[in-house]
């Protein structure tokens, strides 16, 4: 029996588990770091315990701190969520040794399936097809593979044997790049998982990532809940997931589901798990097994009608599965989009800042913990939440996702909302053309949309914004005149890098140098502006500050600077030789020294944020005249790190 459940996680997954547990009548315990003292999951739980400072290593990754929190609150079970300690066998063992129930598989199974090399051997024993791979027993053998090795062939994939989430993974197409890719993958794997063992396998181009959800109780019953397609990925990280998989045949579906059940039985699996495959035509290759709940579990819930978290808790309490395989059915189609704090149109670089205004769609299921006024740091994973929809067909679900993303707005923080909306609306996604390599091989296929309309919304909003003192006779910009119609209001904004003057006529016109728009206001909600522009109704979330106007429109957030609002001494652009931090993060390595002659593109240092490494390269050839970066420094977005003076 379980009476009190501690959730060893944060953010949207903590909220998701808390909700399911409370519906079962369980008392819930949240844990939090100093950064999360005011977080929504802390308020949602029945009680909460501080477990340490902001760094995850001193809080959410501290087994001792979490077990102490369980002891303090009388918790008799722990749910690990996903990420952090969720796939760490020592944590599962420590929970069990403390006399508590771990909501997941046993530590032994987690140890076996958590390692890609061991899991591969078990899959072979279960008769599951696997991708061609080099025979590795650890990091030593990985280092022994030379550029001339042909046992795997190129292109190949270098990936961490421990962990997942795209961390410690590199594609190598040229033998000359193998050594550098291996070293980089090992560094990232060591940082993310504390284990730099590497697996090297054939990289199957243009495959689809399809995974199967399995459930197994403690009485020998194993079922699958069909499959999900997670092929929309950038840098091996999932972006949009859907269920069921839209492109596979019934024969492939049977191979996937039968293999997954066989694998779970072979290893003696219990609780919820996910078996991941690469599908190329009618070929199926086992990739790995995730021994936890998946981020994308909601799409399976929507098409099966099952609550996976409640089922996890029931299984952990010793109950048998309440249904058989024949009783699991699929209804309709579901799609989920992951919302990240990242700049999707500039290399998917992680972002940080304050989400000044947050609006989630009322027409979707939103598993999220982000609120207006919340600060997002680089201390944790950049995923902010998930927008999930369903419909009777895939096309109905896709259209519902586009609509929901149109409704969603996050101002003050750069996110990938606009990218998600454009991707969901694209012909390529509609026609199921996106495989695991598509986004990386088509970097310019998805671009921001709606900039012109957003500029008109911004100009109208600024022209009609009231002063702080609404009773002041000149406190509103309505252009009122005593003798004649209202005068147009002049609004200057920077649009696409150019100063643009808009004349906003309150009678229903916005005029720029080369364009005129007919505009009529429509009833709007607080924080939202709805305008009829040239006979079409558009809307956007608006935030006006002294120096800019931010508009969230069809997913994208546009920031229009107000040049007239800047006085003398405004910040100017850096020289061509200045290297600034493209994201907030930690300096991992500095190779440049003052006085050193460098070539254009030469690596000067390495920056890391949210477990992603980025090389900082010289923008021009010349001499390094300034180095302000030092290993271990925490740097802000835009901070100057190096200066290179060009050759005379």
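The values are calculated or read from the model by the stated rules, or taken from the named source; none is laboratory data. The shown structure was predicted, so the numbers you read here are calculated from the model rather than taken from an experiment. Cβ placement follows ideal geometry from the backbone for every residue including glycine, while neighbour counts extend to all protein chains displayed.
If I go through segment 6-41 residue by residue, how many of them are touching a residue at least 24 places away in the same chain (Cβ under 8 Å) and at positive phi?
Count: 1.
Looking at segment 610-634, which of its residues are part of a loop (DSSP other than H, G, I, E, B), modelled with pLDDT of 85 or more and within 25 Å of residue 193 (Cβ to Cβ)?
The first filter runs over segment 610-634 and keeps only residues part of a loop (DSSP other than H, G, I, E, B), leaving 610-611, 618-621, 628-633.
The next check asks that each one be modelled with pLDDT of 85 or more; those that pass are 618-621, 628-633.
Within segment 610-634, 631, 632, 633 meet the criteria.
Are any of the residues in segment 95-108 over 26 Å from residue 382 (Cβ atoms), in a loop (DSSP other than H, G, I, E, B) and under 26 Å from the mean Cα position of the chain (by Cα)? Break it down into steps so the answer makes sense when it comes.
Start the filter on segment 95-108 by keeping residues that are over 26 Å from residue 382 (Cβ atoms), which leaves 95-102, 105-108.
Subsequent filtering for residues that are in a loop (DSSP other than H, G, I, E, B) retains 98-100, 105-106.
After this cut, where a residue has to be under 26 Å from the mean Cα position of the chain (by Cα) as well, the list is 105.
Scanning segment 95-108, I find at least one residue that is over 26 Å from residue 382 (Cβ atoms), in a loop (DSSP other than H, G, I, E, B) and under 26 Å from the mean Cα position of the chain (by Cα), so the answer is yes.
Does residue 73 satisfy being at pLDDT 95 or above and either touching a helix residue (DSSP H, G or I) at 6+ places or on another chain (Cβ under 9 Å) or buried (at least 24 other Cβ atoms within 10 Å of the Cβ) (or both)?
Numbers: at pLDDT 95 or above: yes; either touching a helix residue (DSSP H, G or I) at 6+ places or on another chain (Cβ under 9 Å) or buried (at least 24 other Cβ atoms within 10 Å of the Cβ) (or both): no.
Answer is no for this residue.
Assess whether residue 117 counts as being over 24 Å from residue 308 (Cβ atoms) and without any contact (Cβ under 8 Å) to a residue 24 or more places away in the chain. Walk me through it before giving the result.
Numbers: over 24 Å from residue 308 (Cβ atoms): yes; without any contact (Cβ under 8 Å) to a residue 24 or more places away in the chain: no.
Considered against the rule, which asks whether it is over 24 Å from residue 308 (Cβ atoms) and without any contact (Cβ under 8 Å) to a residue 24 or more places away in the chain, residue 117 comes out as no.
Kindly indicate the residue of segment 455-512 that is at pLDDT below 85 and in a strand (DSSP E or B) and also surrounded by the most Cβ atoms within 10 Å (Cβ to Cβ) among those meeting that condition.
Once the filter is applied, the top-ranked residue is 476.
Within segment 561-575, is even one residue surrounded by 12 or more Cβ atoms within 10 Å (Cβ to Cβ), assigned to a strand (DSSP E or B) and modelled with pLDDT of 85 or more?
yes
Being touching a residue at least 24 places away in the same chain (Cβ under 8 Å) and at positive phi is the filter here, so list the residues in segment 363-384 that pass it.
Within segment 363-384, no residue meets the criteria.
Look through segment 372-411, keep the residues that are over 28 Å from residue 354 (Cα atoms) and outside any helix (DSSP H, G or I), and return whichever of them is nearest to the chain's Cα centre (by Cα). If you could, list the steps in order and put the result at the bottom.
So the first thing to find is which residues in segment 372-411 are over 28 Å from residue 354 (Cα atoms), and the list is 390-400.
Then keep just the ones that are outside any helix (DSSP H, G or I); that gives 390-393.
Working: 390: 20, 391: 24, 392: 27, 393: 26 Å.
Among them, the one singled out is 390.
Give segment 225-262 a look and list any residue that's on the phi > 0 side of the Ramachandran plot and within 21 Å of the chain's Cα centre (by Cα), or say none. If you could, list the steps in order and put the result at the bottom.
Of the residues in segment 225-262, the ones on the phi > 0 side of the Ramachandran plot are 226, 235-236.
Correct list: 235, 236.
Since residue 92 meets every condition but one in (1) in contact with a strand residue (DSSP E or B) (Cβ under 7 Å, 6 or more places away or on another chain); (2) crowded, with 22+ Cβ neighbours inside 10 Å; (3) in contact (Cβ under 8 Å) with a residue 24 or more places away in the chain, which condition does it not meet?
It fails just one condition, (3).
Which number in (1) within 28 Å of residue 397 (Cβ to Cβ); (2) modelled with pLDDT of 95 or more; (3) in contact with a strand residue (DSSP E or B) (Cβ under 7 Å, 6 or more places away or on another chain) marks the one condition that residue 204 misses?
(2)
How many of the residues in segment 79-111 are at pLDDT below 95 and farther than 25 Å from residue 58 by Cα?
The qualifying residues number 0.
When you go through (1) part of a loop (DSSP other than H, G, I, E, B); (2) at pLDDT 90 or above; (3) within 23 Å of residue 343 (Cβ to Cβ) one by one for residue 637, which number turns out not to apply?
Failing condition for residue 637: (2).
Is segment 165-180 home to any residue that is surrounded by fewer than 18 Cβ atoms within 10 Å (Cβ to Cβ) and assigned to a loop (DSSP other than H, G, I, E, B)?
Filtering segment 165-180 down to residues surrounded by fewer than 18 Cβ atoms within 10 Å (Cβ to Cβ) leaves 173-177, 179-180.
This time we only want the ones that are assigned to a loop (DSSP other than H, G, I, E, B), so: 173-174.
Looking for residues that are surrounded by fewer than 18 Cβ atoms within 10 Å (Cβ to Cβ) and assigned to a loop (DSSP other than H, G, I, E, B), one finds at least one in segment 165-180, hence yes.
Any residue at all in segment 340-356 that's crowded, with 22+ Cβ neighbours inside 10 Å, touching a residue at least 12 places away in the same chain (Cβ under 8 Å) and touching a helix residue (DSSP H, G or I) at 6+ places or on another chain (Cβ under 8 Å)?
Yes, segment 340-356 has at least one match.
Report, by residue number, each residue of segment 114-123 that is at pLDDT below 95 and either under 22 Å from residue 217 (Cα atoms) or in a helix (DSSP H, G or I) (or both). Steps first, please.
The first filter runs over segment 114-123 and keeps only residues at pLDDT below 95, leaving 114-121.
Hits for segment 114-123 are 114, 116, 117, 118, 119, 120, 121.
When segment 513-536 is examined, which residues are found to be loosely packed, with under 11 Cβ neighbours inside 10 Å and either modelled with pLDDT of 95 or more or closer than 22 Å to residue 547 by Cα (or both)?
526, 535, 536, listed by residue number.
Quick test for you: out of 245, 337, 255, pick the one residue that is in a helix (DSSP H, G or I), within 20 Å of residue 435 (Cβ to Cβ) and in contact with a strand residue (DSSP E or B) (Cβ under 9 Å, 6 or more places away or on another chain). Talk me through it step by step, then tell me what you get.
Details: 245 fails: in a helix (DSSP H, G or I); 337 fails: in a helix (DSSP H, G or I).
Matching residue, one of 245, 337, 255: 255.
Kindly establish whether residue 318 is in a loop (DSSP other than H, G, I, E, B) and under 20 Å from the mean Cα position of the chain (by Cα).
It is false that residue 318 is in a loop (DSSP other than H, G, I, E, B) and under 20 Å from the mean Cα position of the chain (by Cα).
Looking only at segment 263-311, count every residue that is more than 25 Å from residue 84 (Cβ to Cβ), in a helix (DSSP H, G or I) and within 24 Å of the chain's Cα centre (by Cα) and tell me the total.
2
So, of the residues in segment 13-69 that are assigned to a loop (DSSP other than H, G, I, E, B) and within 21 Å of the chain's Cα centre (by Cα), which turns out to be farthest from residue 193 (Cα to Cα)? Spell out the reasoning first.
So the first thing to find is which residues in segment 13-69 are assigned to a loop (DSSP other than H, G, I, E, B), and the list is 24-26, 37-39, 45-46, 53-55, 59-62.
Next, from what is left, pick out any that are within 21 Å of the chain's Cα centre (by Cα): 39, 54-55, 60-61.
Working: 39: 26, 54: 18, 55: 15, 60: 14, 61: 11 Å.
The selected residue is 39.
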